[in-house]
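All remarks here apply to the structure that follows.
Values in this text are rule-based calculations from the coordinates and carry no lab data. What you see is a predicted model; the values in this text were computed from it and never measured. Counting neighbours? That spans all protein chains shown, and the Cβs are built from the backbone with ideal geometry, glycine included.
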Amino acid sequence: MKIAVISCIHGNIEALDAVLLDIDQQKAEKIFCVGDLVGYGPYPNEVVEKIRSLNIPTCIGCWDEDIVEGLNACECSYPSLVAEKRGKIAHEWTNKEIHSENRDFLAKLPYSLCEDNLTFVHGSPHSNHEYLLPEIDAFLALERVLSTGADVLFCGHTHVPYVRTLDAVSLQISVKSKGQKQQQKNFYAPIKQIVNVGSVGEPRHGRPNATYVIYDLNTQKVTLREIPYNYQKTCAAIIEKGLPTIFAWRLAHGLEYAERADDPTHVCTR
């Protein structure tokens, strides 16, 4: 059995349709989505309605969360005043555009999804706004996976796909119970994986192509898929609908174009 995992569609219906067609051709039996259906892109309602109509299990992303709860729900910070202005414009536009039934759908999305030994989250098990970057400290990465009880953690949020295998390790941990002396206990962590599925509608890996993942449940093989589509149509719609033109530029280049911040692991780049 093969499953497909998608993320960060961001109101880009052209990219979503192209990916769904490829998923069908790959004969995946089930699709999971790790959030951010809206934001940046010009077709938030079309994307949410497509996900709803196909009954795709979906967990809430940070953009989805902020459209439901308001912009102040985001506990992270912008890297610059320019980025903050762009983010507020996009949020206000999406907030006005989204239909009430689609907002209600976003409000009911769970924080995480679990199936067998797999867990699906948007950012990390600790926060929708935490970036699990590929170079994250190995111990921290392992802790994030172990906290879910799963063997494989699927996430998005960074918009850059990668697969990271965390080797089996033996740890010695100091434990002190009430009324007892501190003791050393051995702890064994088997091989775990973090799979970042990239972004369907706002890729940032240097090309405009949509990305997603196919995972084989029998062989545990992870396949990163990169799908070309008519991104020029989405870029034109971004400009036509009055969203920041820089969104069209970075979509066409597959780049983030966000000012560098001191702490890139916890910054909002909307």
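Just a few scattered comments:
- With kT/(6 pi eta Rh) evaluated at 37 °C and eta = 0.692 mPa s, and Rh the Kirkwood radius from Cα pairs, the stretch 1-77 diffuses with a coefficient of 254 µm²/s according to Stokes-Einstein.
- Amide H within-cut-off set for Thr58, under 5 Å, with H built and near neighbours excluded: Cys33
- Counting only residues at least eight positions apart within a chain, or on another chain, the aspartates and glutamates with an alpha carbon under 15 Å from that of Lys192 are Asp116, Asp137, Glu143, Asp151, Asp167.
- Here the stretch 1-154 is described by how far its Cα atoms reach on the three principal axes: 39, 37, 25 Å, from widest to narrowest.
- Of Lys50/Lys96; Lys108/Lys233; Lys2/Lys50; Lys27/Lys241; Lys85/Lys241; Lys2/Lys233, pairs whose Cα-Cα distance is over 27 Å: Lys108/Lys233; Lys27/Lys241; Lys2/Lys233
- Under 5 Å between amide hydrogens, built in the peptide plane, is the criterion, and for Ser147 it picks out nothing among residues at least 5 positions away or on other chains.
- Vicinal HN-Hα couplings computed from phi for the stretch 101-109 (Karplus, 6.51 cos²θ - 1.76 cosθ + 1.60; Hz; Gly/Pro x): 5, 6, 5, 4, 4, 4, 5, 9, 6
- Highest-first arrangement of 4-14, 28-38, where packing means the average Cβ count within 10 Å: 4-14, 28-38
- When the stretch 105-170 is reduced to its Cα atoms, the Kirkwood hydrodynamic radius in Å: 12.5
- ³J(HN,Hα), Karplus 6.51/-1.76/1.60, whole Hz, each residue of the stretch 35-51, x for Gly, Pro: x, 6, 6, 10, x, 6, x, x, 10, x, 5, 5, 5, 4, 5, 5, 4
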